[in-house]
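Novice: One structure is given below, represented as structure tokens, and several questions about it will come after.
The values are calculated or read from the model by the stated rules, or taken from the named source; none is laboratory data. Model, not experiment: these values are computed from the prediction. Ideal geometry is used to build each Cβ from the backbone, glycine not excepted, and the neighbour counts take in all protein chains shown. The protein model used for the area step is the full one, side chains on, heavy atoms only, and it has no ligands, DNA or RNA in it. Shrake-Rupley method; radii C 1.70, N 1.55, O 1.52, S 1.80 Å.
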Amino acid sequence: MAIQWLRCGHHVYVVSTCDGSRAACIMLYHLLLQTVKTQQSAGVSPGQPHLLLYDLYEYKDAEKAVNDLSQAATGGSLYVIADEVIRSDFHTVCYKLRTQVPHLHLWAASCYHGYAPDGWQVEYLTRPLRSPPAVVREVAKHSYITVGNIVMPYSERGVPDHTDGPPITRLYHRGHGHSGDSPRDCVTCGRDVASFLHSLRVGITENVTTTATTVTSTNGGTTPPCLQWRDVLVLCWTKISDDSGMMKGLKEAGIPVRMMNDDDIEDVATARSDVVWVTSGGSVCGLERKVVVCVQDLLTARLYSMSRCTSQLVIVSP
């Protein structure tokens, strides 16, 4: 919808409602910037996207959001996209904008059921089109889906499943050489994860022999790797430090790994650096990677971490 608004020449405001939604909103903002550049190169004069970051758990931020957005309205019209919204004061912002902006166009998305303001139109998008069936089955075990009615259950995909996807790989924090109370504290667990990533040939390029019937590659005689380091996320539900056993094990095995800090969110959202990022699933809601390593198979991790995976899921359990 945001692309359509831009094509019509409108300013589009991408609104992050909390820290957990920042990565998704920053990614969306950069995708819209690319769309604008493409349209401009084609001779079209589109509107412009704008990124606004708030913490709607704070009342002052909710008031600021209402003031900022109502003042941004042009001719009584306002176009807003909010991704990964939380309940907090989001309802208040919606209601106040509706009274202050005559022509409000606001689209918001959340994985949680029942977060929409009363009286607003709701659509449930439940077809699992991004993750393979093997991953979907794991995520679907979360109690929010099976019991709590907090997250809507998956519906049928509606298209054939040509493959179940790669089998889920399970590694365990037990046996000879393992130490610490959990996988995040264990150097051996880090080495085990690194060994599996190396087995996937992440970052490995293949030499190409060019013949009359082959297509010449564009990077000096090598084909690009099927998997790059930027395709991998390591997600820990509990806090992990840069000198933890998991990080040490990964680094010792030659994995280009980095902890995500607040200043790195844009880098992670745009996959700019070719590194393996380590963070919590709740910090990257809405982002996806081909390979996701979920450290500690806690029930809460199913929704926030495993659902980030579009191909190979690795679970490191206590």
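Novice: Condition first: among the acidic types (D, E) and touching a helix residue (DSSP H, G or I) at 6+ places or on another chain (Cβ under 9 Å). Can you find one or more residues in region 143-163 that meet it?
Specialist: We begin by selecting, within region 143-163, every residue among the acidic types (D, E); these are 156, 161.
Of the ones still in play, those that are also touching a helix residue (DSSP H, G or I) at 6+ places or on another chain (Cβ under 9 Å) are 161.
There is at least one residue in region 143-163 that is among the acidic types (D, E) and touching a helix residue (DSSP H, G or I) at 6+ places or on another chain (Cβ under 9 Å).
Novice: Moving to a separate point now. Looking at region 121-134, which of its residues are among the β-branched types (V, I, T) and either open to solvent by 90 Å² or more (accessible area, probe 1.4 Å) or within 23 Å of T310 (Cα to Cα) (or both)?
Specialist: First pass over region 121-134, keeping only residues among the β-branched types (V, I, T): 122, 126.
Within region 121-134, T126 is the sole residue that qualifies.
Novice: Do any residues in region 133-162 that are at positive phi have Cβ atoms under 9 Å from those of residues that are open to solvent by 70 Å² or more (accessible area, probe 1.4 Å) and part of a loop (DSSP other than H, G, I, E, B), where the two are at least six apart or on different chains, and which pairs are they?
Specialist: Within 9 Å, the pairs are G158/R127; G158/L129.
Novice: Also, I was wondering about something else. Assuming M1 fulfils every condition listed in (1) touching a helix residue (DSSP H, G or I) at 6+ places or on another chain (Cβ under 8 Å); (2) more than 25 Å from D263 (Cα to Cα); (3) of a type in the set (A, V, I, L, M) apart from one, which condition is it?
Specialist: Unmet for M1, out of (1) touching a helix residue (DSSP H, G or I) at 6+ places or on another chain (Cβ under 8 Å); (2) more than 25 Å from D263 (Cα to Cα); (3) of a type in the set (A, V, I, L, M): (1).
Novice: What number of residues within region 47-88 are out of contact with any strand residue (DSSP E or B) (no Cβ under 7 Å at 6 or more places or on another chain) and under 15 Å from G20 (Cα atoms)?
Specialist: 9
Novice: Here's another thing I want to ask about it. In region 252-283, what residues are surrounded by fewer than 16 Cβ atoms within 10 Å (Cβ to Cβ) and of a type in the set (K, R)?
Specialist: Selection gives R272 alone.
Novice: Out of the residues in region 1-20 that are part of a helix (DSSP H, G or I) and under 21 Å from L97 (Cα atoms), state the one that is nearest to the chain's Cα centre (by Cα).
Specialist: Initially, region 1-20 is screened for residues part of a helix (DSSP H, G or I), giving 2-7, 19-20.
Now narrow it down to the ones that are under 21 Å from L97 (Cα atoms): 2, 5-6.
On the way: A2: 19, W5: 24, L6: 23 Å.
The selected residue is A2.
Novice: Same structure again: How many residues, within region 241-280, are part of a loop (DSSP other than H, G, I, E, B) and more than 16 Å from W229 (Cα to Cα)? If you could, list the steps in order and put the result at the bottom.
Specialist: Taking region 241-280 as the starting set, the residues that turn out to be part of a loop (DSSP other than H, G, I, E, B) are 241-244, 253-256, 260-261, 271-275, 280.
With the extra rule that they be more than 16 Å from W229 (Cα to Cα), the set shrinks to 241-244, 261, 280.
Here the count works out to 6.
Novice: Identify all residues within region 284-299 that are in a strand (DSSP E or B) and open to solvent by 20 Å² or more (accessible area, probe 1.4 Å); write none if there are none.
Specialist: Pass one, region 284-299, residues in a strand (DSSP E or B): 289-295.
Passing the criteria: R289, K290.
Novice: Moving to a separate point now. Based on what the data block shows, is E138 closer than 19 Å to G286 by Cα, among the acidic types (D, E) and not in a loop (DSSP other than H, G, I, E, B)? Show your work before the answer.
Specialist: Details: closer than 19 Å to G286 by Cα: yes; among the acidic types (D, E): yes; not in a loop (DSSP other than H, G, I, E, B): yes.
When the stated conditions are applied, E138 passes them.
Novice: When region 175-188 is examined, which residues are found to be touching a residue at least 40 places away in the same chain (Cβ under 8 Å) and either assigned to a loop (DSSP other than H, G, I, E, B) or touching a strand residue (DSSP E or B) at 6+ places or on another chain (Cβ under 6 Å) (or both)?
Specialist: Within region 175-188, S179, G180, S182, P183, R184, C186 meet the criteria.
Novice: Working carefully through the options Y95, Y124, find the one that is of a type outside the set (K, R) and free of Cβ contacts under 8 Å to residues at least 24 places away in the same chain. Can you show your working first?
Specialist: On the way: Y124 fails: free of Cβ contacts under 8 Å to residues at least 24 places away in the same chain.
One residue alone meets the criteria, Y95.
Novice: Within region 199-249, work out how many residues are surrounded by 13 or more Cβ atoms within 10 Å (Cβ to Cβ), modelled with pLDDT of 85 or more and of a type in the set (S, T, Y).
Specialist: Residues that pass the stated criteria total 1.
Novice: Out of the residues in region 135-187 meeting the condition of being surrounded by fewer than 16 Cβ atoms within 10 Å (Cβ to Cβ) and of a type in the set (D, E), tell me which one is nearest to S241 (Cα to Cα).
Specialist: The extreme case among them is D181.
Novice: If we scan region 271-289, do we find a residue that is more than 22 Å from I315 (Cβ to Cβ), in contact with a Pro (Cβ under 9 Å, 6 or more places away or on another chain) and acidic (D, E)?
Specialist: Scanning region 271-289, I find at least one residue that is more than 22 Å from I315 (Cβ to Cβ), in contact with a Pro (Cβ under 9 Å, 6 or more places away or on another chain) and acidic (D, E), so the answer is yes.
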